[in-house]
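Visitor: My structure is below; once you've seen it, I'll send some questions.
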Number of protein chains: 2
Amino acid sequence: MANSTITDVAAHAGVSIKTVSRVLNNVASVKPQIRERVLRAIQRLDYHPNPSARALGGNRSYLLGLLYDVTCGYYATSVLSGFIERSRAAKYQVVMEPCDYSAPSLPEDVKRSVRQSRVDGVILTPPLSDLKSVCGALEELALPFVRIAPGRHGDHHRSVCTNDRESCAAMTEQLATLGHQRIAFIVGNPDHAAVMDRYRGYVDGLQTCGLKLDKTLVAQGYNSYSSGVQCARKLLNVSQAKRPTAIFASNDEMAAGVLGVVHSLGLAVPEDVSVVGFDDAPLASQVWPALSTIRQPIAEMAAQAADLLLRALAGDLPDQVRRVIPSVLTFRLSTGPAPNRARPKAAKSG
Amino acid sequence: MANSTITDVAAHAGVSIKTVSRVLNNVASVKPQIRERVLRAIQRLDYHPNPSARALGGNRSYLLGLLYDVTCGYYATSVLSGFIERSRAAKYQVVMEPCDYSAPSLPEDVKRSVRQSRVDGVILTPPLSDLKSVCGALEELALPFVRIAPGRHGDHHRSVCTNDRESCAAMTEQLATLGHQRIAFIVGNPDHAAVMDRYRGYVDGLQTCGLKLDKTLVAQGYNSYSSGVQCARKLLNVSQAKRPTAIFASNDEMAAGVLGVVHSLGLAVPEDVSVVGFDDAPLASQVWPALSTIRQPIAEMAAQAADLLLRALAGDLPDQVRRVIPSVLTFRLSTGPAPNRARPKAAKSG
DNA sequence: GGCATATTTGACAGCGCTAGCACCGAGATG
DNA sequence: CATCTCGGTGCTAGCGCTGTCAAATATGCC
């Protein structure tokens, strides 16, 4: 069955192709009755406009790009799931644009990539969303874009993020409420600006609870499992008195690394050490014990980003917009009350 | 800088646009000297053909679809990374086509999806690649497709797979070599036909080593972490004598579930029980202890699939082709010698 | 009713490329 | 030497839409 064209629809509805085009593009000035007639014809013929023809005629591609770093495949997939639905609804297609975050030629790569694919706009996932060079390249091309979870928001850009700082503060407070006084923190990759906010939240939380920041309890990680392992070794390889009773990592992968070290030292989670992550990646519930973490609503953020991008393309959105979707604290088995030594008053064994 | 068009290139090279078009499409009958001239002009103008125009004129879209099940995001991403590179090189773009594997309307959804996006061909990732209904829908539309890691190969289709059976046999033999005599197996979701091959490999391996198949050591899982947990409980909740000393799960996620159960029973991995997975997903090296597993070369398989699809589109490929990319056994910390009780002869403690 | 204004609709020319066929010149053939 | 062949090239008509602008129709006012 050959695909029907706009001409077929026009013939069936007894109008000109231009009117059909108007209906397709939601132009207001079509009489309801005629619009109805056209829609019926479209339905009857199972007509789908040819994107290539639309693109060629309208000087746009109806393609949206999802720029992501190849090493962050999981994140990209989650973003995709939220992004694609909205885009589809708006008759846009999504093309994936893998990038190598660490390549020196990144800005050039991005430019070539988007020019070649002729996308109408892109969304940037972290860590790309933090790179001035990438944003600059996009601006040079005058290509609309929305950033997901960028660290710096000051620039004149559209972005969607979550409340990293507040949720990390809340998590820190929860740990304190469980009796933890020596709460360690593993900072994420400094390249990912958003994770700095997580650290700030940790500091806020300590302060709220009257705990004072102990720099020996802060380690610098790089978002990877192995950096989590290294940080955990550093944090735990001390006398028992100085050992943290809880370790809060800036992402789940590093938290998983912590778990490994704790196990291999013969310590128990959460009896000896509580462990907390961030993201609620699938990994968080597939390690043992399952990680308490902070669920970042990636799909929802992506949907909002799609919204912003589509509206920007339609021209009814200011240059600078920022949306915040709250994260939610999620408690699983990796957290528990602080061990007795930390709070000598209420000694009980179980 | 406005994008240049084929007309600009033709003018600069002093030829007709048709000749430029021939160069772009690798038509043989262009004099080397002229071809050279055109290529230089293309380079100088940084010309990229407009895909929409190519699509419209040539009656194809230069779009390739990647059909995947939304619940298998990770797998899709890995496939993508291998797929996109080849496609790009051939000036094709990749669009992601998420599907709901379990929807009754799946064949209709697939049809609508591919018709709407106008893709020229698609690749199918598991579990989609096993569904007759999906393949049927695609055939009805006469849309070329390549299946990745399907279980049944008998049909008249193009596919790329790995040697599930052989590698699982080899892994089973390795476990036997380590002294394991009670090797349990967790079968994967029966919907994913490829995993049945893994079970067959396990049976082969047992046979090769002179171990006999004990049905009480075989559990039926569903590829998820939680089904791994359930199977492990069933397998381990027996007297010590009957307990398996090694558990081989058909994928890493289930193996991670096994790990959790072993830990929570107070047993040690690999001292009391060795655990093995399949896939070498990121998860495998992010649990503790890191999983011995079988690395499925997904990206490479995807690249081959892209190759097959592109050649099929070019018309120089028979209907039925099957490529096999071998998996590789990967040993990490989750496997070790069988505990002494299983081989009472060489008692040593450490 | 007659006129000036909205409002709604249609005719038509591209968008940048490919496909089909016509064309041109050089070597092969009679 | 005329004719044929054929590799190499150019001309031109679309592909299915959108944008522009003009035409047709509806609405408001005196």
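Visitor: Between rounded, prolate and oblate, where does region A:203-259 land on the alpha carbon gyration tensor, with a ≥ b ≥ c its root eigenvalues, rounded for a/c under 1.5, else prolate if a/b exceeds b/c?
Guide: It comes out oblate by the Cα gyration axes.
Visitor: With a cut-off of 8 Å between alpha carbons and a minimum separation of six or more residues, what is the relative contact order of region A:204-350 in percent?
Guide: Over region A:204-350, the number comes to 20 percent.
Visitor: Size of the dipole of region B:30-167 about the Cα centre, Lys and Arg at +1 and Asp and Glu at -1 on the beta carbon, nothing else charged, in debye to 20?
Guide: Roughly 980 debye for region B:30-167.
Visitor: Given Cβ point charges of +1 (Lys, Arg) and -1 (Asp, Glu) and nothing else, what value in debye, to the nearest 20, does the dipole of chain B about its Cα centre take?
Guide: Using Cβ point charges on Lys, Arg, Asp and Glu, chain B gives about 560 debye.
Visitor: Assuming R0 = 41 Å, what is the FRET efficiency of A:SER264 and A:ALA28, from their Cβ-Cβ distance, to the nearest 0.05?
Guide: Here the calculated transfer efficiency is 0.05.
Visitor: Can you give the average number of partner chain beta-carbon atoms within 10 Å of each beta-carbon in peptide A:117-129, as a whole number?
Guide: 1
Visitor: Averaged over its residues, how many other protein chain Cβ atoms are within 10 Å of peptide B:77-83's Cβ atoms?
Guide: Mean partner shielding for this stretch: 4.
Visitor: Next up: At A:ALA103, label 7 Å along Cα→Cβ: distances to the other copies, nm, ascending?
Guide: Label-point distances to the other copies, shortest first: 3.4 nm.
Visitor: Next question, about the same structure. Just going by the charge dipole of region B:162-212, with Lys and Arg at +1 and Asp and Glu at -1 on Cβ, which of B:ASN189, B:LEU178, B:SER167 is farthest out on the positive end?
Guide: Going by the Cα projections, it comes out as B:LEU178.
Visitor: Still on this structure, I have one more. Arrange the peptides A:60-72, B:20-32, B:79-91 so that the one whose residues have, on average, the most other Cβ atoms within 10 Å appears first.
Guide: So the order, starting with the most tightly packed, is A:60-72, B:79-91, B:20-32.
Visitor: At 0.36 nm per residue, minus the direct Cα-Cα distance, what do B:VAL70 and B:ARG112 gain on full extension? Give it in nm, one decimal, please.
Guide: Answer, rounded to one decimal: 13.4 nm.
Visitor: If I take every Cα pair under 8 Å that is 6 or more residues apart in chain A, average their sequence separation and divide by the length, what percent do I get for the relative contact order?
Guide: The value is 16 percent.
Visitor: Determine the distance separating the Cα centre of region B:192-260 from the Cα centre of region A:80-108; give it in Å without decimals.
Guide: Using only Cα atoms to place each centre, the spacing works out to 39 Å.
Visitor: Let me know the whole percent of all Cα-Cα pairs from region A:1-59 that are separated by more than 14 Å.
Guide: Considering region A:1-59, 50 percent of its Cα-Cα pairs are separated by more than 14 Å.
Visitor: Considering only the label points, 7 Å along Cα→Cβ from Cα, what distances in nm to one decimal separate A:HIS48 from the same position in each other copy, shortest first?
Guide: 2.4
Visitor: Let me ask another. What list of ³J(HN,Hα) couplings, whole Hz, do you get for region B:128-134 from phi and the Karplus terms 6.51, -1.76, 1.60, once you set θ to phi - 60° and write x for glycine and proline?
Guide: Per-residue couplings from phi come out as 4, 5, 9, 8, 4, 4, 5 Hz.
Visitor: Rank these for me by crowding, A:VAL187, A:VAL160, A:VAL258, A:VAL321, going from fewest to most other beta carbons within 10 Å.
Guide: Least to most surrounded, the residues fall as A:VAL321, A:VAL187, A:VAL160, A:VAL258.
Visitor: What list do you get for B:THR5, B:THR208 if you sort them by fewest beta carbons within 10 Å?
Guide: If I rank by nearby Cβ atoms, fewest first, I get B:THR208, B:THR5.
Visitor: If we count every other residue with Cβ under 13 angstrom of B:LEU291's Cβ, Lys/Arg +1 and Asp/Glu -1, where does the sum land?
Guide: That sum, taken over residues with Cβ under 13 Å, equals -2.
Visitor: Checking the cross-link filter: which lysines have an alpha carbon closer than 22 Å to that of B:LYS31, excluding same-chain neighbours under 8 positions apart?
Guide: B:LYS18
Visitor: Within the set of other residues whose C-beta is less than 14 Å from the C-beta of B:ALA306, count the net charge using Lys and Arg as +1 and Asp and Glu as -1.
Guide: Once positives and negatives cancel, what remains is +3.
Visitor: Along Cα→Cβ at 7 Å, what distances in nm separate the B:ASN25 label point from those on the other copies, shortest first?
Guide: List, nearest first: 2.9 nm.
Visitor: Over the whole of A:221-229, what's the average partner chain Cβ count within 10 Å per residue? Rounded to a whole number, please.
Guide: Partner-chain Cβ atoms within 10 Å, mean over residues of A:221-229: 1.
Coordinate-derived values only; no laboratory data. If you're wondering where the values come from, they're calculated on a predicted model, not measured in any experiment. Counting neighbours? That spans all protein chains shown, and the Cβs are built from the backbone with ideal geometry, glycine included.
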